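Undergrad: Okay, here's the structure, questions in a sec.
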Amino acid sequence: MDRLVIRGARQHNLKDISLSLPRDRLVVITGPSGSGKSSLAFDTVYAEGQRRYVESLSAYARQFLEQLAKPDVESIEGLSPAIAIEQRALAKSPRSTVGTVTEISDYLRLLFARVGTPHCPNCGARIEAQTVQQIVDRILGLGDGARVTVLAPIARARRGELKLELDKLRREGFVRARIDGEIVDLGDELVLDRTRPHDLDVVIDRIVVKEGIKGRVTDSVELALKLGEGRLLADTSTDHEETEPMWMSERFACIDCGISLPPIEPRMFSFNGPHGACPACDGIGVRTRIDPERVVPDPKRTLREGAVVAWGRRGSMALATETERAVTSLGVNPDVPFRDLPEEQRKAILFGAEAAPARGRKKSSTGYEGIVPRLERQLEEGGPVETGDGDDPDLDDELAGGEDIGRFAVTRVCDVCKGKRLRAEALAVKIAEKNIAEIGTMGLRALRTFLTGLTDKAAPMAPRDRAIAEPLLRAVIARLGFLIDVGLDYLTLDRSAQTLSGGEGQRIRLATQIGAALVGVLYVLDEPSVGLHARDNARLLEALRKLVDLGNSVLVVEHDRDAINAADHVVDMGPGAGAHGGQVVAQGSPAELAKDPHSVTGPWLSGEKHLPIPTKRRKSDGRVIRLAGAKAHNLRDVTVEIPIGLMCAVTGVSGSGKSSLIIDTLLPAARAALYRTNAPVGECDSIEGLSHIDKVISIDQAPIGRTPRSNPATYTGVFGLLREIYAGLPEARARGYKPGRFSFNVKGGRCEACQGDGVLRVEMHFLPDVFVTCETCGGKRYNRETLEVLYRGMSIADALDLTVEGAIEQFEAIPRVRERLAALHRVGLGYIKLGQPATTISGGEAQRVKLARELARKATGRTMYVLDEPTTGLHFSDIEVLIGALTSLRDAGNTVVVIEHNLDVVACSDWVIDLGPEGGERGGTVVAQGSPEQVAQVEGSHTGHYLREVLETGKKRPGRSKK
C-alpha cells in the first residue's frame, strides 16, 4: 500500500476530515496557528501508530510503556510504526549534557578506559602499568651480557633511622640494600641521620642476561613486586658507567609522588557516579556557596542596625539575640559601623573564631560559629539556621529561612575541578595529550577533525591500541557527522542539556534517528526549523530527505517557506484557527498549493501576499543602551548599541551568541538595575543607558502551564477578575460567597466528585486510562450552588466556556476585563476559549497569550520588551498580526528587542545586530549592525546575503507600508 488513508478525524478541533497522503515521501502540514496541524499529525496519526504498535506487545510489556488513548478517528490505513520527534526540552537534570544525551560520552569513556595513557595527577609524568611477563621481557630485551640489578623500593624520602625496615630485611635473609644511591651490606652496623629523608631499596638479585636465565628473572621480578608493593627498579649501572634506573610497576602509580591511580575503567570517566565525579561538586561543575558580600550588603551599618542581614530584621528579637552573642563571645562593639570593626572581628563574625574574652567577662567555653558556616550548613541540610541559643521558635522564624537563604547564595565554578566535573585521576588519563574534559570543550566540527586524525595511519598509536580504538572512533565520528549535518556543529559535548532550545533538542533527536538507519517507519516532526538560520535550512532538509531515501515516511508540521517548497506533498489546514479551523482547505504539491484559490498558505508562497516592508525607517533619537566588552560564553569582547524607542532584531547563525548577549547579559543586568535582582549577569565591561528604561519584560518560549487546570483566563489574570465580579453579585453576597468560591482549584465551590477537573480518570489495567465526563457536574467543574449565581444569564462555568470574542461582548461593561480580552483579540486569539486547558494550546498560541498579557498592562512608554524567537509556531498570517502588535508597542515609545531568524521580521525591524560569522568558537563577534538595508550590504554577513533577497523581493511587490 503506497498511501496513508485517514477517514473521519475529529480529534480536538478537526471537523471530520478525511485525506490520503503518499507513503515514503516528505509530507508537510501547514496552516495558521491553532488550525489543527498538531491535532492531525501528533494527536491522530502518531497517536494511532504508537497505540497499534504498543497493543501488538504482550500485556506484561504494555504495563511498562506509556500508552496513548485511541484518537477520535474512524480509520487509518497504511500506518507504519510511528516515532515522534517533538519540540520539548531534552532533560531537566543539570547532569545531562549534549554528550550524555547523544550517547557519544559512553563511547569516549570506553575509548579512554581502553587506550588512554595515564599520567600523574600531581606532576604530570607518564605512568605505565605492566604485567610480570612484560617486565621480564623488558629486562631480557636489554640484550645478552647486560648486567641488571633488580631492586624493590622499601621507603621513599622517609625521615628517621629506618631501623625497623632494616631489621626486617635482615630477618628475611636479604644481604644487600641501597640507601640513598649507595649499595651497603646489611650485615654491617648501619646508622642513618634521623633528621634527613632517606631512600631505601633492597637488592633482590644481580643478573647477567643470557640464555636460560628467564626462570630466575621471573622469580626475582615476582619477589621484587611483592616487597615493593607492585613496583621495582631495574638498574643497569656498571663500575664504568652510571645509568638512571628503570622504574617498572604492575599498578598505575607515580613513583616520585607516591600517588596510585585506581583501576582504569569506563565508570572512572563518568561524572554521574562516585568513581569519576569530582568529590567537591559531586560532578555538577559548580558549587553554591554563601557570599559574604550578600550577608553584609551595607557595611556602613552597625550590628545593632542590622549590618548582618541574615541575623534577622531590624528591631527583631533574633537580631538582638545574635548581636548579644557576638558581643559576649567576640567582644565587638555593636555600635560601630561594620566596616570600621577590626579585620579580625569582621572575619570572626562571618566565618567564626575560637572564643575570645570580652570586656569584663569570662572567656566563653565554646568557640563562636560565624554566620557563613551556619548558612552553608543550612544550605546543605535544608533545615533552619540554628541560633545556638535554645529552641525559641520565634527566633528561628526571624532568621534566614529555607526559602530566602537563596538570596545569600551564589553559584560559582567549582574551585577543585574548575568546572570539568571529574576527579583529578580521570583528568590525568590522556589521548594525544588531551583529556576527556578537553575533548568535551571542543566544537563538534573540530572534535570530528581531531578524532579523524587519530584514525590516520600516521597517528602515534600502538597496533593493539589501534585495533581497539578504530571501531569506537568510527562510531563517534559517524554520530558527530549526523549532528553536524543538521546544523549543530557549534555545540560542545559538555554543554548542559538545560541550555538547549526546543529546536536544538529536536535536531539532536533527528540526528539520532538518522544514525539508527531504520526503514519503514513513520517519523512525525514538529517544526524542526525552529531556531535555525536560513543558511542552515538546506542542511536540515537534506537530513529529512535522507530519512525518506532510506524508505521512511516523514510527516512534518512546518511554517518555513523553504521546508514547504521542498516537500513532495503539502496539506494546508484552515481556514482559520480554533473553532474556525480544523479543515483541509487545500493539498497537493507546493506549486499546486500556490495556485489553489482556497489555500491559506498558497498566496504567501506565490508572492501574492507578503509582509509589508516599510519604505521609511524610524530613526533613533540618539538615546541608546550601550553594552561594552561582553564575554559571556562564546562572546568575544562584543560591544553593541541598542537604540531606545526602536524595534531591534538580534540575529545570526545558530550558536553565534545571540542568547548569550541578550538573555544572559542584557536582560539580567536590566533586571538587577531596575528590580535589584541577584541573578548572575554575563561577564561584560559595562552597560550604559539603562536609565532610559523603567521596566523590562521578557517573553520566552516556555509553556504557559503544564496542567489542564492552567488556561488563558488564569494566565492573563482574567479569571481572578471574573471571580471578583461573580462574588460581588447580589446573589453571591446574600449567600456569603467570596471570590475563592468561584475557583475550581480549591474546596468550596468546585465539584468534589471530580475535584474541579470536570472529568474522572478510570484506570484500565494493560490499557490506557479512560477519561469520562463527571456525572455530578456534567463537566462544568463547579457544584450546583455555585452555578446558580448568574451574571447576565451565565454562570462562571458558562463564562469560561466562551471564546475571547464572545467574552468581550458578555463583559463589555467591565473595563478591566474588556482590556485584557481585547489584548488577546489584538494578537489574533479571538477564537480560543477562556477555559481551554493550557496543555491543548499550541506553541504559537501560548507565546501570543504571553504577549497579550503584557499588551494589556499599562505601558509607561519607557519599557523594554525582550522576545526570544516570537515567530515559533506562527504561520505567515500570524506573523503579520505579531508584527502589528510589536510595532504598536514601539509606536508608544517602548524599546522592542527581538532574537529572531525569520527574515520577514528582520526586514521589518528598525535596527539589526548580526552576530557571527559562524557558531560556537567561530562566532561571538558583531558582523554588522545598522538598518536592514545597511546589514544587507555587508559581504561577510550570512544574514545580509538572505536579507538582500527579501528586501529586493519586497521592493518589487505593490503596496509597501510606511512607518
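The values are calculated or read from the model by the stated rules, or taken from the named source; none is laboratory data. Since the structure is predicted, the reported quantities are computational estimates derived from the model, not experimental observations. Neighbour counts run over all protein chains shown; Cβ positions are idealised from the backbone, glycine included. Only protein heavy atoms, including side chains, enter the accessible area calculation; ligands, DNA and RNA are left aside. Shrake-Rupley method; radii C 1.70, N 1.55, O 1.52, S 1.80 Å.
Undergrad: Roughly how many percent of the accessible protein surface of the chain is carbon and sulfur, given a 1.4 Å probe and a whole-percent answer?
TA: Values: 21570 of 44380 Å².
So the carbon and sulfur contribution to the accessible surface is 49 percent.
Undergrad: Given H placed 1.01 Å from N in the peptide plane, which residues other than close sequence neighbours of H875 have an amide H under 5 Å from its amide H?
TA: S33
Undergrad: Give me the percent relative contact order of the chain, please, defined on Cα pairs under 8 angstrom at least 6 residues apart.
TA: RCO, the chain: 14 percent.
Undergrad: Which entries of K695/K850; K37/K595; K631/K658; K168/K226; K695/K858; K300/K347 show an alpha-carbon separation above 18 angstrom in the structure shown? Working shown, then result.
TA: Numbers: K695/K850 16 Å; K37/K595 21 Å; K631/K658 12 Å; K168/K226 15 Å; K695/K858 11 Å; K300/K347 16 Å.
The pairs that break the limit, which is 18 Å between Cα atoms, are K37/K595.
Undergrad: To continue, here is another question. How big is the dipole moment of the chain about its Cα centre under a simple scheme where the beta carbon of each Lys and Arg is +1, that of each Asp and Glu is -1, and everything else is neutral? Debye, nearest 20, please.
TA: Details: 127 positive and 132 negative charges, 461 e Å.
Rounded to the nearest 20 debye, it is 2220 debye.
Undergrad: Identify the GluC sites (Glu not before Pro) of segment 432-508 meeting these criteria: DSSP loop state and at most 11 other C-beta atoms within 10 Å of the C-beta.
TA: Working: sites: E433, E438, E504; in loops: E433.
The qualifying sites are E433.
Undergrad: How about segment 799-889: which GluC sites (Glu not before Pro) there lie in a loop by DSSP and see at most 16 other Cβ atoms within 10 Å?
TA: Passing sites in segment 799-889 are E812.
Undergrad: Quick one: dipole size for segment 1-62, taken about the Cα centre, charges +1 on Lys/Arg Cβ and -1 on Asp/Glu Cβ, in debye to the nearest 20.
TA: Working: 10 positive and 6 negative charges, 11 e Å.
So the dipole magnitude of segment 1-62 works out to roughly 60 debye.
Undergrad: So what is the relative contact order of segment 777-836, in percent, for Cα pairs below 8 Å that sit 6 or more residues apart?
TA: On the way: 50 pairs, mean separation 20.4, N = 60.
Computed over segment 777-836, the figure is 34 percent.
Undergrad: When the helix-only estimate is applied to the chain (DSSP H runs of n ≥ 4, each -39,500 (n - 2.57), divided by the residue count), what is the mean residue ellipticity at 222 nm, nearest 500 deg cm²/dmol?
TA: Numbers: 36 runs with 314 residues, N = 963.
My calculation for the chain gives -9000 deg cm²/dmol from helical runs alone.
Undergrad: Cβ under 13 Å from K226's Cβ, K226 left aside: what net charge do those residues give with Lys, Arg +1 and Asp, Glu -1?
TA: Net of charged neighbours comes to -3.
Undergrad: Starting at the first residue of segment 806-816, write each ³J(HN,Hα) from the Karplus equation 6.51 cos²θ - 1.76 cosθ + 1.60 with θ = phi - 60°, in whole Hz, x for Gly and Pro.
TA: In residue order, the calculated couplings are x, 5, 4, 5, 5, 10, 4, 7, 10, x, 4 Hz.
Undergrad: Run through the DSSP bridge list for the chain and note the antiparallel percent, rounded to the nearest 5. Could the numbers behind the result be given before it?
TA: Numbers: 74 of 110 bridges.
Of all bridge pairs located within the chain, approximately 65 percent are antiparallel.
Undergrad: Looking at segment 5-99, which GluC sites (Glu not before Pro) are in a loop (DSSP not H, G, I, E or B) and have at most 12 other Cβ atoms within 10 Å?
TA: Working: sites: E48, E55, E66, E74, E77, E86; in loops: E66, E86.
The qualifying sites are E66.
Undergrad: Normalised by the number of residues in segment 4-139, what is the relative contact order in percent for Cα pairs under 8 Å and 6+ residues apart?
TA: On the way: 119 pairs, mean separation 29.1, N = 136.
RCO, segment 4-139: 21 percent.
Undergrad: May I pose another question? Go through 330-339, 509-518 and give me the packing order, highest mean Cβ count within 10 Å leading.
TA: Values: 330-339: 16.1, 509-518: 18.0.
Put in order of decreasing packing, that is 509-518, 330-339.
Undergrad: Measuring from centroid to centroid over Cα atoms, what is the spacing of segment 845-903 and segment 704-735 in Å?
TA: After rounding, the separation between the Cα centres reads 26 Å.
Undergrad: Hey, can you rank 882-890, 288-296 by average C-beta count inside 10 Å, highest first?
TA: On the way: 882-890: 19.6, 288-296: 17.4.
Final packing ranking: 882-890, 288-296.
Undergrad: While we're looking at this one, here's another question. For E542 and R138 in one chain, what is 0.36 nm times their gap in residues minus the Cα-Cα distance, to one decimal in nm? Display every interim value, and only then the final one.
TA: Working: separation 404, 0.36 × 404 = 145.44 nm, distance 5.50 nm.
Here the answer is 139.9 nm.
Undergrad: Ok, one more. Considering only protein heavy atoms, what per residue accessible area in square angstrom results for the chain with a 1.4 angstrom probe?
TA: Ligands and nucleic acids excluded, the figure is 46 Å² per residue.
Undergrad: With the convex hull built on the Cα atoms of segment 700-787, state its orientation-averaged projected area in nm². Kindly include the intermediate steps, with their values, before the conclusion.
TA: On the way: hull surface 29.0 nm².
Reported value for the Cα convex hull: 7.2 nm².
Undergrad: Quick one: which residues, 5+ away or cross-chain, put their amide H under 5 Å from the amide H of V696? H built at 1.01 Å from N.
TA: The list, which skips near neighbours in sequence, is M864.
Undergrad: Can you classify the chain as rounded, prolate or oblate using the Cα gyration tensor, where a ≥ b ≥ c are the square roots of its eigenvalues, rounded means a/c under 1.5, and otherwise it's prolate if a/b beats b/c and oblate if not? If you can, show how the numbers build up before the last one.
TA: Working: a/c = 2.10, a/b = 1.51, b/c = 1.39.
Cα axes put the chain in the prolate bin.
Undergrad: Any idea which of V429, P730, A579 is furthest toward the positive side of the dipole for the chain, if Lys and Arg beta-carbons carry +1 and Asp and Glu beta-carbons -1?
TA: P730
Undergrad: Which net charge results when you count Lys and Arg as +1 and Asp and Glu as -1 among the other residues whose beta-carbon is under 13 Å from that of R7?
TA: On the way: positive: R3, R10; negative: D16, E48, D72, E74, E77.
In short, -3.
Undergrad: Still on this structure, I have one more. Output the peptides 572-580, 122-130, 7-15 sorted from most to least packed, where packing is the average of other Cβ atoms within 10 Å over each peptide's residues. Don't skip to the answer; put the middle values down first.
TA: Details: 572-580: 22.4, 122-130: 13.8, 7-15: 18.1.
Per-residue Cβ counts within 10 Å, averaged per peptide and sorted highest first, yield 572-580, 7-15, 122-130.
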